[in-house]
Amino acid sequence: MTQELFNASALEGRTALVTGAAKGIGAEIVRIMSRTGAQVTFVDRNQVEGVALAGETGATFLCGDLSDTKWLAHTMEQLSAIDILVNNVGVDQHAFFTETDEDDWDFLLGINLKSVFTTTRTALPHMQKNGFGRIVNIASEAARKGSKGGSVYAAAKGGVISFTKSIAQENARYGITANVICPGPVRTPLLEKAVTQHGGDKLEQAMKGATLLGRLGTPEEVANAVVFFVTDQAGYITAEVLGVSGGMGC
């Protein structure tokens, strides 16, 4: 059994919203936050896995498509308070830029970037009023290094970094911090799908070789970094970009 890094009451009394959280990194964030006392709500379009995770953790599950920003804004407005916001949602499609079109751009930007605008815009008034807030946005090492066959995804995640730094600057006076996590290759359902479709073992070995540690990360390793950022111990950290990537970004 993995040793717990955080006290069982580390987030007691805090309300948290996590997007794209039915599986992978997001699900681990929900699990750890729930175990450390937070009242967690998470959003995902996967009904079956979302219901299962809610049953496992006691978190509240909202099923919906994060590309539908009107639905997302309306749904968030129903929440009584948001102390912690984690924008974890991410979707990619492997294609060279000349093989993409405007519909692809709208889809990828809508989920990876515009949904972050929507959740943050809705959460900030709660946080400003209360004089407290923790925002953690999940980008990618692709945002800092680029991505062959993933240019639109990389651009969207690059936007997440710039946006987060700006939000940190605008809201520090309210006691709100905003930080970014950039995962490298992590063994998630999204990565497994990409490996299966675009190269199999050869691609997986290339991903491992791109890291200094020579292995894939785990969702829990990323989730632990996210939860640290929202604890009181990280209260003096804001506008930072942390790579959890086995040294991929060095």
Inset, instruction - Please work out which one of (1) modelled with pLDDT under 95; (2) open to solvent by 60 Å² or more (accessible area, probe 1.4 Å); (3) over 23 Å from Arg134 (Cβ atoms); (4) over 16 Å from the mean Cα position of the chain (by Cα) is the condition Gln78 fails and give its number. - result: (3)
Inset, instruction - State whether one or more residues within the range 166-181 are basic (Lys, Arg), modelled with pLDDT of 95 or more and not in a helix (DSSP H, G or I). - result: no
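Working carefully through the options Thr69, Thr122, Thr100, find the one that is at pLDDT 95 or above and over 23 Å from Thr188 (Cα atoms). Walk me through how you get there before you give the answer.
Values: Thr69 fails: at pLDDT 95 or above; Thr122 fails: at pLDDT 95 or above.
Sole residue among the options that is at pLDDT 95 or above and over 23 Å from Thr188 (Cα atoms): Thr100.
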Legend entry - Positions within the range 154-170 being open to solvent by 10 Å² or more (accessible area, probe 1.4 Å) and hydroxyl-bearing (Ser, Thr, Tyr), in sequence order: Ser162, Ser166
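Listed here are the residues, each with its yes/no results for (1) hydroxyl-bearing (Ser, Thr, Tyr); (2) within 14 Å of the chain's Cα centre (by Cα); (3) modelled with pLDDT of 95 or more; (4) surrounded by 17 or more Cβ atoms within 10 Å (Cβ to Cβ).
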{"position": "Met1", "(1), (2), (3), (4)": "no, no, no, no"}
{"position": "Asn7", "(1), (2), (3), (4)": "no, no, no, no"}
{"position": "Glu12", "(1), (2), (3), (4)": "no, no, yes, no"}
{"position": "Ala16", "(1), (2), (3), (4)": "no, yes, yes, yes"}
{"position": "Ile29", "(1), (2), (3), (4)": "no, yes, yes, yes"}
{"position": "Ala54", "(1), (2), (3), (4)": "no, no, yes, yes"}
Legend entry - Matching residues in the range 141-153 - criterion: being out of contact with any Leu (no Cβ under 7 Å at 6 or more places or on another chain), open to solvent by 10 Å² or more (accessible area, probe 1.4 Å), part of a helix (DSSP H, G or I) and of a type outside the set (Lys, Arg): Ala142, Ala143, Ser151
Inset, instruction - Could you tell me whether the range 209-221 includes any residue that is assigned to a helix (DSSP H, G or I) and at pLDDT below 95? - result: yes
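The values are calculated or read from the model by the stated rules, or taken from the named source; none is laboratory data. Computed from a prediction, not measured in an experiment: that's the story for all the values here. A quick note on method: Cβ atoms are made from the backbone with ideal geometry, for glycine too, and the neighbour counts reach across all protein chains shown. Surface areas here come from the heavy atoms of the whole protein model, side chains and all, with no ligands, DNA or RNA. Shrake-Rupley method; radii C 1.70, N 1.55, O 1.52, S 1.80 Å.
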